[in-house]
């Protein structure tokens, strides 16, 4: 009897062990397999994510760009945003077009801040002419002109007048508007002014025939024309607020400016020398078909 009970107990133990091993979840059954994203094939190249117009600056439009992958990298392209030049597009781009080095406007940092229809003209300055040495890029100035001329009779004409009002200063010395650089002042010898294309000859003639002085416009008064040096970059996109008039069409050559027009002083007409007094008698002689005048004492 005891042997039978032992056999039954062993059988129950075996059955229980089998049931327990079947109910136990296998290790790792609920662990999701790792998803390995395949690496993109090819070389990354920046392309336009939407249509871009000429004059836009892609470096400031990260949402307008995306990466596309090519089996071989096209020549003169960019693979990252930090490789883009801080310049504007020379031509429009359609969505999906590749950004290339040749598609950007070239030029120096100065050319970037010159508004359309204007020219950057340098004039000589010193501590007196340049606002007492405190002139800085981004200031607005009135250009004053002094001239002295001598008349026919020896009299001297002196005059002073304001030639241009509210002119933008693009640079002073090696400092340029909108560009980080050395803020040290005092030794500059040139100032770069943004002049309308049709007025550059007038400024050149004024500097070579007289003396110039730059009068700085107060910040409160200049605020009516825009605040901060970023406004100069906005002008390059076509929204110019420079009060100096552009004058005639930009396609026409600049008008010639004379010294008299510049100064407003008309020189007296040259007097004719009196004719010498006539002496003797004049006799007309006719010899055949010829005619001559003879003076007799």
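FYI, it's all coordinate maths here, none of it is from the lab. In this text, all values refer to a predicted model and were calculated from it rather than measured experimentally. Heads up, the Cβs are rebuilt from the backbone with ideal geometry, glycines too, and the neighbour counts pull from every protein chain shown.
Key figures for this structure:
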quantity: Segment residue 91-residue 62, length gained on full extension (0.36 nm per residue, minus Cα span); calculated: 8.6 nm
quantity: Cα→Cβ-extended label distance, 7 Å offset, between residue 208 and residue 101, nm; calculated: 3.9
quantity: Residue 127-residue 163 FRET efficiency (beta carbon distance; Förster radius 22 Å; 0.05 resolution); calculated: 0.55
quantity: Linear extension gain, residue 69 paired with residue 81, 0.36 nm per residue minus alpha-carbon span; calculated: 2.8 nm
quantity: For q = 0.24 Å⁻¹, Debye-computed log10 I/I(0) when each Cα of the range 75-154 counts as one equal scatterer; calculated: -1.25
quantity: 77, 200, 190 arranged by Cβ crowding within 10 Å, fewest neighbours leading; calculated: 190, 200, 77
quantity: Cβ-Cβ FRET estimate between residue 134 and residue 54, R0 fixed at 51 Å, reported to 0.05; calculated: 0.85
quantity: Whether the range 43-103 is rounded, prolate or oblate, judged on the alpha carbon gyration tensor where a/c under 1.5 counts as rounded; calculated: prolate
